[in-house]
1. Among the numbered criteria (1) closer than 30 Å to A:S339 by Cβ; (2) part of a helix (DSSP H, G or I); (3) open to solvent by less than 50 Å² (accessible area, probe 1.4 Å); (4) among the aliphatic types (A, V, I, L, M), which single criterion is violated by A:A384?
2. Which members of the stretch A:408-442 meet the condition of being closer than 25 Å to A:R380 by Cα and either aromatic (F, W, Y) or part of a helix (DSSP H, G or I) (or both)?
3. Any residue in the stretch A:33-61 that is over 16 Å from A:E95 (Cβ atoms) sitting within a Cβ distance under 8 Å of a residue that is of a type in the set (K, R) and open to solvent by less than 10 Å² (accessible area, probe 1.4 Å)? List the pairs, counting only those 6 or more apart or interchain.
4. Determine whether A:E354 is acidic (D, E), assigned to a helix (DSSP H, G or I) and touching a residue at least 24 places away in the same chain (Cβ under 8 Å).
5. Condition test on A:L160, is it within 12 Å of RNA strand B (Cβ to nearest atom), surrounded by fewer than 20 Cβ atoms within 10 Å (Cβ to Cβ), in the same structural domain as A:L45 (by TED's automatic domain parsing) and within 29 Å of A:Y5 (Cα to Cα)?
6. Could you identify the single residue in A:E99, A:E94 that is more than 12 Å from RNA strand B (Cβ to nearest atom), open to solvent by less than 20 Å² (accessible area, probe 1.4 Å) and more than 30 Å from A:M1 (Cα to Cα)?
7. When you check A:A326 against the structure, is it assigned to a loop (DSSP other than H, G, I, E, B), more than 22 Å from the chain's Cα centre (by Cα), more than 9 Å from RNA strand B (Cβ to nearest atom) and buried (at least 18 other Cβ atoms within 10 Å of the Cβ), yes or no?
8. Can you list the strands (runs of 3 or more DSSP E) found entirely within the stretch A:174-270 that contain at least 1 residues being within 16 Å of RNA strand B (Cβ to nearest atom) and open to solvent by 30 Å² or more (accessible area, probe 1.4 Å)?
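The values are calculated or read from the model by the stated rules, or taken from the named source; none is laboratory data. In this text the structure is predicted, and so the values were computed from the model without any measurement. Note: ideal-geometry Cβ built from the backbone for every residue, glycine included; neighbour counts use all protein chains shown. Heavy atoms of the whole protein, side chains included, go into the accessibility calculation; ligands, DNA and RNA do not. Shrake-Rupley method; radii C 1.70, N 1.55, O 1.52, S 1.80 Å.
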Amino acid sequence: MIRLYNTLTRKKEEFQTIEPGVVRMYVCGVTVYNDAHVGHAMSALVFDIIRRYLEYRDYKFKHVMNYTDVDDKIINRANQLGEDPLKLSQRYIEEYSRELANLNILPPSATPQVSKTMPLIIEFIQGLIQKEAAYAAPNGDVYFSVISDNDYGKLSGRKLDDMQAGARIEVGEAKDHPMDFALWKAAKPGEISWDSPWGKGRPGWHIECSAMNLAELGEQIDIHGGGNDLIFPHHENEIAQTESYTGKQFARYWIHNGMLQLGGEKMSKSLGNIVSIKDFLAKRDADVMRMLVLSGNYRAPLIFSEETQDAAEKNLERLRAALRPASTSASGLSADAASAPAAQAESTKQAFIEAMDDDFNTPLALAALYELVKAINTARDNGANDEQLKPAQSMLRELTGVLGLRLQEKTGSSDDEAKVIALIEERNEARKQKNWARSDEIRDQLKEMGVVIEDSKDGTKWRWS
RNA sequence: GGCGUCGUGGCCAAGUGGUAAGGCAAGGGUCUGCAAAACCCUCAUUCAGGGGUUCGAAUCCCCUCGACGCCUCCA
């Protein structure tokens with residue numbers, strides 16, 4: 001039984017899809033106006049891991065991730081650069097999708113954009129007005145009426161009365177209730193706009209997701225996800241809009257990832273404490289980012305520091321090392337001893353599934369993997385051959401694959417490779433003559449080139465580090 | 001001020017009533033010319049602090065302190 005934590009009910013619930021065997025999942029993507037950062041990567045990775053795991057458990061997936069390509073910030077940025085806003089956002093959409101691919105994130109089955117969903121958004125708003133859940137203001141704005149929705153606030157656990165006390169009431173706004181929010185914003189002079197029954201304008205932020213959801217996945221979906229900073233107001237408002245429109249429960253499970261922390265604070269564009277995905281990948285492997293996400297519960301804040309990144313690299317190296325071949329001089333284990341790693345493979349698989357079934361407990365799943373790593377290494381140390389290592393190694397490959405880890409060995413340039421081999425030959429000559437000084441000097445030189453060497457019975461092995 | 005999440009060893013982090021997983025770091029050992037890798041051993045009588053419930057609490061309740069998120073755009 002798969003259980004997952006539902007923000008809506010604040011507890012873990014058994015996972016049951018509307019249509020057996022099929023998961024409809026909508027995850028809020030990004031507003032595209034500049035470089036995405038590792039916090040966005042965290043969110044995308046969390047839902048990629050969830051998807052990969054549920055696919056491993058035989059679910060088919062309809063995975064939708066939207067792009068917000070019409071928005072104040074995009075317009076401002078475009079004005080600064082003297083560029084067309086839709087061209088600007090298109091550029092960042094392409095860039096973001098490349099970055100997701102670089103992070104080994106499976107492409108969603110659909111990636112709708114606001115600018116391409118206008119007719120449906122307008123239709124949606126009209127429907128809400130007809131149901132008296134929304135109203136057009138004289139200035140050309142259209143607002144959602146929160147008092148029309150008797151369970152408004154159920155996702156974030158807020159009451160209208162509580163919120164009103166602290167709400168910022170903009171002077172001159174044409175709202176009936178201070179918490180009412182815009183479905184349609186009248187265009188300011190010179191702004192990009194679309195025609196509508198209320199005049200030229202553009203959609204508010206929340207309505208786009210309701211509309212795209214409906215278009216791509218239908219009235220009811222299984223999982224709606226995003227960062228926990230979206231719970232209020234974004235997801236709260238999405239629920240209000242969609243449920244007022246359809247009269248049905250919108251999403252069964254609301255899943256929210258915790259925020260990535262840099263220096264004790266949430267990483268965000270407005271705070272300016274940003275590490276872009278691009279900058280991260282220039283320094284570290286995509287697996288490192290994924291390992292970082294796997295190292296903690298997806299709902300908890302993720303500490304992003306040099307120390308946690310270094311630890312993630314070490315952990316990856318441990319997994320990679322376990323997949324390396326047996327010693328060429330391996331004598332082979334007795335049939336009895338050879339069954340140990342294979343048996344561990346089975347018990348690790350059980351433990352892995354049990355951990356992941358429980359709200360995607362990746363730290364516990366990793367612990368199960370390390371047990372398998374140990375069994376493989378022990379067998380190898382004891383002389384297991386490749387054939388005997390294979391069952392355990394394939395299982396390790398399978399389960400790390402479910403988590404989306406690539407575990408590729410690092411590579412260097414082939415030009416350097418010839419040099420490395422020459423140096424190792426020279427070093428082995430020196431070692432034969434017991435010229436340890438020269439031998440160690442060459443080892444240091446290789447280390448500076450990023451090459452690690454290991455002397456073994458099979459000869460000297462080397463790899464890029 | 002309101003709503004919510006949370007505080008576990010040097011660091012990261014499982015564990016939500018039955019007596020503290022795992023990884024990193026550190027120390028010792030086996031192996032090695034020395035290393036590296038691997039393996040073995042050591043490393044929290046204790047879970048922010050204080051009360052309470054219970055035969056029994058890191059786990060439940062209350063209070064205090066602290067952190068983070070949201071309440072405005074945000075993954």
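1. For A:A384, the exception is condition (2).
2. Those that are closer than 25 Å to A:R380 by Cα and either aromatic (F, W, Y) or part of a helix (DSSP H, G or I) (or both): A:I424, A:N428.
3. Between residues of the stretch A:33-61 that are over 16 Å from A:E95 (Cβ atoms) and residues that are of a type in the set (K, R) and open to solvent by less than 10 Å² (accessible area, probe 1.4 Å), the close pairs are A:L45/A:R290; A:I49/A:R290.
4. No: the conditions fail for A:E354.
5. Values: within 12 Å of RNA strand B (Cβ to nearest atom): yes; surrounded by fewer than 20 Cβ atoms within 10 Å (Cβ to Cβ): yes; in the same structural domain as A:L45 (by TED's automatic domain parsing): yes; within 29 Å of A:Y5 (Cα to Cα): yes.
Against the criterion (within 12 Å of RNA strand B (Cβ to nearest atom), surrounded by fewer than 20 Cβ atoms within 10 Å (Cβ to Cβ), in the same structural domain as A:L45 (by TED's automatic domain parsing) and within 29 Å of A:Y5 (Cα to Cα)), A:L160 qualifies.
6. One residue alone meets the criteria, A:E99.
7. Taking the combined requirement at face value, the residue satisfies it.
8. Once the strands (runs of 3 or more DSSP E) in the stretch A:174-270 are filtered for at least 1 residues that are within 16 Å of RNA strand B (Cβ to nearest atom) and open to solvent by 30 Å² or more (accessible area, probe 1.4 Å), what remains is A:181-186, A:260-262.
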